[in-house]
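Written out below as structure tokens is the structure these notes cover.
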Amino acid sequence: MHPVQGRFPAFRPRRLRRGPAIRALVSESTLSPSDLIWPIFVRAGEDVEEPVPSMPGVVRRSIDRVVHAAREAADLGIPAVCLFPYTGAEDRSADCAEAWNPDNLSNRATRAIKDAVPHLAVMTDVALDPYSDTGHDGFVRGDEIVNDATVEALVKQALSQAEAGVDIIGPSDMMDGRIGAIRAALEDAGHSHVVLLSYAAKYASAFYGPFRDAVGASGALKGDKKTYQMDPANTDEALRLVARDLDEGADMVMVKPGMPYLDICRRVKDAFGTPTFAYQVSGEYAMIQAAVQNGWLDGERAMMESLMAFKRAGCDGILTYFAPQAARRMAAHG
Ligand code: PBG
């Protein structure tokens, strides 16, 4: 392998593992709170924190509680939060108009956070699933999730988020051409500073199940998302999608889910050297928490190991529901 490497006993790799000081010196990857983006579920009401049953430890927060969480994130050194609205049937319609309502839950939460904690970056999700009566990320005509009409709606949604003051827009819808359309509209409207973090390689995954409970989409969703989200069998396709989204104006790209797709993270980072994020999704979080609740895993260690795996695979950062817990642990352990 490496001819310069001596042979036993000259080469005793355990020398470099003997104690924490030496191990720290030779550690190849690092994890810090500044690598984390914290996804937060926003709901209506005041002073409410409502547990999400399939995601132990995760709650849906009213906007005042979201602001509280945003302060906590900033205090912990977490640079960004990502907002997901929990919507009821009354917010869902065939035309999805609530998606670009300047006063929808997501936009009100954005303004409240930017007022209270201006230096914390706010990221939002662009996709129609919280607002559509079908639970799909786009408009449905017959059996088809239509692309181009959806992109027009996504542009309106993105512009309303930019108006509300978001720093990062994350299109998670997987329609074709949306990055270029959103980028052009943002430039035209004077929002040239808004960062686009494209969910470029997003797979049609079973691991989103608990999230759909958390945002109230499980009951609404008819069918599956396989005509727009990627086939888990594919990897070259992920590189083509990343190339396309960068070409259309994405600043950063995402691979989603995370842990089952670390090979994609590594290939994307090696091929493009662009800021690369992974989303440790709801099902990954739920699996670890379920094992912890059964006494089958040491939760803190499993959490930190799972997060380090993303850094080792070449990611610059991770969207994770563990963000505050992991940041607190890093503060305690240095
Ligand atoms: C929807 C969206 C999903 C997630 C983020 N945005 C679910 C889906 O595509 O059905 C999943 C996040 C998670 O599972 O934690 N646009």
Going by the structure shown, is Ala127 within 28 Å of Pro210 (Cβ to Cβ) and either over 21 Å from the mean Cα position of the chain (by Cα) or away from the ligand (no atom under 16 Å from the Cβ) (or both)?
no
When you scan region 54-97, how many residues do you find that are open to solvent by 50 Å² or more (accessible area, probe 1.4 Å) and closer than 21 Å to Val151 by Cα?
2
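Of everything in region 111-163, what is in a helix (DSSP H, G or I), of a type in the set (Ser, Thr, Tyr) and surrounded by fewer than 24 Cβ atoms within 10 Å (Cβ to Cβ)? Give them in sequence order.
Within region 111-163, just Ser160 meets the criteria.
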Across region 98-110, what is the total count of residues that are of a type in the set (Asp, Glu) and surrounded by 13 or more Cβ atoms within 10 Å (Cβ to Cβ)?
1
Can you name every residue in region 200-238 that is within 9 Å of the ligand (Cβ to nearest atom), in a helix (DSSP H, G or I) and open to solvent by less than 40 Å² (accessible area, probe 1.4 Å)?
Tyr208, Gly209, Pro210, Phe211, Ala214
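Hey, could you check region 284-334 for residues that are of a type in the set (D, E, K, R), farther than 17 Å from Asp75 by Cα and more than 16 Å from the ligand (Cβ to nearest atom) and say which is nearest to the chain's Cα centre (by Cα)?
This residue is Asp316.
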Take region 91-145 and flag every residue that is touching a helix residue (DSSP H, G or I) at 6+ places or on another chain (Cβ under 6 Å) and free of Cβ contacts under 8 Å to residues at least 40 places away in the same chain.
Glu98
Which of the following residues is farther than 22 Å from Ile182 by Cβ and either open to solvent by less than 40 Å² (accessible area, probe 1.4 Å) or in contact (Cβ under 8 Å) with a residue 12 or more places away in the chain (or both): Leu241, Leu262?
Leu262
Which ones in region 18-72 are in contact with a Pro (Cβ under 7 Å, 6 or more places away or on another chain) and either among the acidic types (Asp, Glu) or in a helix (DSSP H, G or I) (or both)?
Ser34, Glu72
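The values are calculated or read from the model by the stated rules, or taken from the named source; none is laboratory data. Being a predicted model, the structure only gives us computed values, none of them experimental. Please note: Cβ atoms are built from the backbone with ideal geometry, for glycine as well, and neighbour counts cover all protein chains shown. Only protein heavy atoms, including side chains, enter the accessible area calculation; ligands, DNA and RNA are left aside. Shrake-Rupley method; radii C 1.70, N 1.55, O 1.52, S 1.80 Å.
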